Amino acid sequence: MNHEFAVHRLNDEGMKKAKLIAESFDGLAKTLSIICIDGRELSICKTKLEEACFFAKKAMAIDLRNQEHQAFCVSSDIPQQDNILRERDRQMKMNSPDEKF
């Protein structure tokens, strides 16, 4: 399965990080709600914050150090984790179009 579609079950450290990310975005949203007037712009801003929060948590969750380890990948098996990360990176490079500027 492509990593983009995989489910990532977080370990305790990953859950703490997910909560910290959510709290950080929530704090910013609350601050903006206090200092900005209600309207289309603030609504769009909140929507974009929600989107950014989602992707921040996803970026954190794909790090194997934040995931519960399955039978094939235990926390003491660092070389195995490194191999998985290298394979994931290799697949990402293969699946991404070449960027030309």
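Numbers below:
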item: Burial order of peptide ranges 15-22, 41-48, 57-64, 2-9 (average beta-carbon count within 10 Å, highest first); result: 57-64, 15-22, 41-48, 2-9
item: Label-point separation, M94 to H8 (7 Å along Cα→Cβ), nm; result: 2.1 nm
item: Along each principal axis, Cα extent of region 3-68, largest first, Å; result: 42, 22, 11
item: Efficiency of FRET between L32 and F55 - r from beta-carbon atoms, R0 22 angstrom, step 0.05; result: 0.75
item: Efficiency of FRET between L85 and K46 - r from beta-carbon atoms, R0 41 angstrom, step 0.05; result: 0.75
item: L10 long-range amide H proximity, modeled H, under 5 Å; result: E68
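Laboratory data are not the source of any read-out in this text; all were calculated from the coordinates shown. Here the structure is a predicted model, which means the values were calculated and not measured. When we count neighbours, we look across all protein chains shown, and the Cβ atoms used for this are built from the backbone with ideal geometry, even at glycine.
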